[in-house]
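In what follows, a structure is listed as structure tokens, so that the remarks can point back to it.
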Amino acid sequence: MGFEGGCRCGAVRYELEADNLPPTYACHCVDCQTWSGSAFSLHAIVAEDALTISDSGHTFRLPEGQEAMPSEHIGCAACLTRIASRNPALPGFLVLRVGTLDRSSEVAPAMHIWTRQKQPWLTIEEGTPGFEVSPTPQEFAAAIAG
Ligand SMILES: [Zn+2]
Ligand SMILES: [Zn+2]
């Protein structure tokens, strides 16, 4: 069983080996707003060996000093969609940009982080955990598990 996805132009495609759609969280930080060109970004942490990205995937890094955790980003060089990133704090995992899944309409965030910078018009569903900034890894694991 797997889930497919890809970039806006279709040049980069991927397959996620999983029984269910991955638990997803929304990040409302200003960097995510700028990077996504939207109000927040949707992420899921997936096992690196469960995600197969086509060879056309392009790897890049931000200029030094731009990220607290300098990450390797994988995306499409033609349409500039960012698909996943490799964070040194999460060995063996990739952070997937959930909006690139073909079935993204079936995914709802299990938690929200960086709500301190959230757009004021956006209301978070009652009962969904939220964190003003980044949660600790323990808080994160407990909240995403529901
Ligand atoms: Zn593309
Ligand atoms: Zn963010």
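Only the coordinates and a few stated rules stand behind these numbers; no lab work does. Note that the structure is a prediction, hence the values are computed from the model and not measured. So basically every Cβ, Gly included, is an ideal-geometry build from the backbone, and we count neighbours across all protein chains shown.
Remarks
- On full extension, the segment bounded by E106 and L122 gains 3.8 nm, given 0.36 nm per residue less the C-alpha separation.
- Under 5 Å between amide hydrogens, built in the peptide plane, is the criterion, and for H58 it picks out G75, C76, A77 among residues at least 5 positions away or on other chains.
- Nearest-0.05 FRET efficiency for A141 and E64, computed from C-beta distance (R0 35 Å): 0.70
- About the Cα centre, charge dipole magnitude for the chain (Lys/Arg +1, Asp/Glu -1 at Cβ), debye: 420
- Rg and Dmax of the chain, both derived from C-alpha coordinates alone, stand at 14.8, 41 Å.
- Cα centroids of the stretch 24-61 and the stretch 1-16: 13 Å apart.
- A DSSP coil position with no more than 16 other Cβ atoms inside 10 Å describes the following GluC sites (Glu not before Pro) in the stretch 81-146: E125, E126, E132.
- Taken one residue at a time, the phi angles of the stretch 18-27 give Karplus couplings (6.51, -1.76, 1.60, θ = phi - 60°) of 6, 7, 10, 4, x, x, 10, 10, 9, 10 Hz. Gly and Pro are set to x.
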